[in-house]
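Encoded as structure tokens, the structure appears first; notes follow it.
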Amino acid sequence: MASTTLHSRLSHTQSPAITRTSSSLRQITGNSLTWSRAFAPDRLLSAVSHSSLRGVKGSVKPLITCAAGTEPVAAANLAPGTPVRPTSIMVIGGTGTLGRQVVRRALDEGYDVRCLVRPRPAPADFLRDWGATVVNGDLTKPETIPATLVGVHTIIDCATGRPEEPIKTVDWEGKVALIQCAKAMGIQKYVFFSIHNCDKHPEVPLMEIKYCTEKFLQESGINHVVIRLCGFMQGLIGQYAVPILEEKSVWGTDAPTRIAYMDTQDIARLTFIAIRSEKVNGKLLTFAGPRAWTTQEVITLCERLAGQDANVTTVPVSVLKFTRQLTRCFEWTNDVADRLAFSEILTSDTVFSVPMNETYQLLGVDQKDIITLEKYLQDYFTNILKKLKDLKAQSKQSDFYI
């Protein structure tokens, strides 16, 4: 009966949307960042207006902000049932760069891991091979979510939309539906991965949505931890290391932006320390690597470790900004333009990093246990160059016998 009620509620509740609002600036009423949802037996989200909306100077186009619908919803049956084990977790986005490391770490630490994945022709068999339970569900279809959360204690949300999807579809509408379901199903803890400085860049749609989601989760009343991230070391392999080894063009910018990349394995390890710590409940943490790097510094490091020069194609930030304005002229390229909005950040001397001393102390972690970018890339190039050398030797042997 409870599941029928929840299904009906989700099916008939007005879906959340991204709406445009004028720059009335930090108003409690009027045009401001608002979301309102009702859940029973208590109201999940009362009508709240937040003072965190940034305005726009002058009369330029208003910023994109997030608002959820306000229609009342039916009551949910949240009567006590079978206790849920604290080791039962659901990983959302378990096939992604970070998600798979979270799954692997959880399994290694003895958690009962369930992964929500979208139905697709090529199933995520590697997750099953590792020992995780894979369940089909889709954040863009809220009616598929509740059944997947039965028996789950903690949700770890690593998901983000695919490049071909509108940003708001998964990262806003889907996350709102997931948080509502988590509240209704009595989930005990929700871990949400966000982006460092998302509250300072409302001009970037994805960062604004991440910030809105943080606030939405906070207002939900669910016991939660928000973890903001700066950048993944793993992403540098395909972007720089592989093209250099294959003597292909490496694309870079002349931007002074510095990013403190972190190994996703370290992120996963720290995440589970945070989950087990009562001191972290309700907190906003930021994870950053030991040092912040510019694009050129990363390329130079890869060149040194690979023992060869990179064929670098430098794209001026001004070109990226022009491209964004150009793509805005066509409705079908709007989402491309949203992603290119990150180019706005590159024009300033932004540093995506934070001091980690307090976080290490809070989590009881030794900084020496956090891998540096130099060590990460050195290990990669050492292993890959050894494999290439072995393959070359095998090839020569074959040629000799032939």
task: Starting with the highest mean, order 265-277, 296-308 by the number of other Cβ atoms within 10 Å, averaged over the residues of each peptide.
output: 265-277, 296-308
- request: Any chance you could look up the accessible area of Thr372 with a 1.4 Å probe, heavy atoms only, rounded to 10 Å²?
  value: 50
- request: Tell me the label-point distance for the pair Glu109, Ile371, using the 7 Å Cα-to-Cβ offset, in nm and rounded to one decimal.
  value: 1.8
field: Sites matching GluC sites (Glu not before Pro) across segment 208-246 that sit in DSSP coil, with at most 15 neighbouring C-beta atoms within 10 Å
entry: Glu246
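Within the set Lys141/Lys175; Lys175/Lys279; Lys210/Lys368; Lys189/Lys368; Lys175/Lys215, which residue pairs have Cα atoms separated by over 23 Å?
Numbers: Lys141/Lys175 11 Å; Lys175/Lys279 25 Å; Lys210/Lys368 30 Å; Lys189/Lys368 29 Å; Lys175/Lys215 12 Å.
In this structure, Lys175/Lys279; Lys210/Lys368; Lys189/Lys368 exceed 23 Å between Cα atoms.
The values are calculated or read from the model by the stated rules, or taken from the named source; none is laboratory data. Just so we're clear, the structure is a prediction, and the values are computed from it rather than from any experiment. We place every Cβ from the backbone using ideal geometry, glycine too, and count neighbours over all the protein chains shown. Heavy atoms of the whole protein, side chains included, go into the accessibility calculation; ligands, DNA and RNA do not. Shrake-Rupley method; radii C 1.70, N 1.55, O 1.52, S 1.80 Å.
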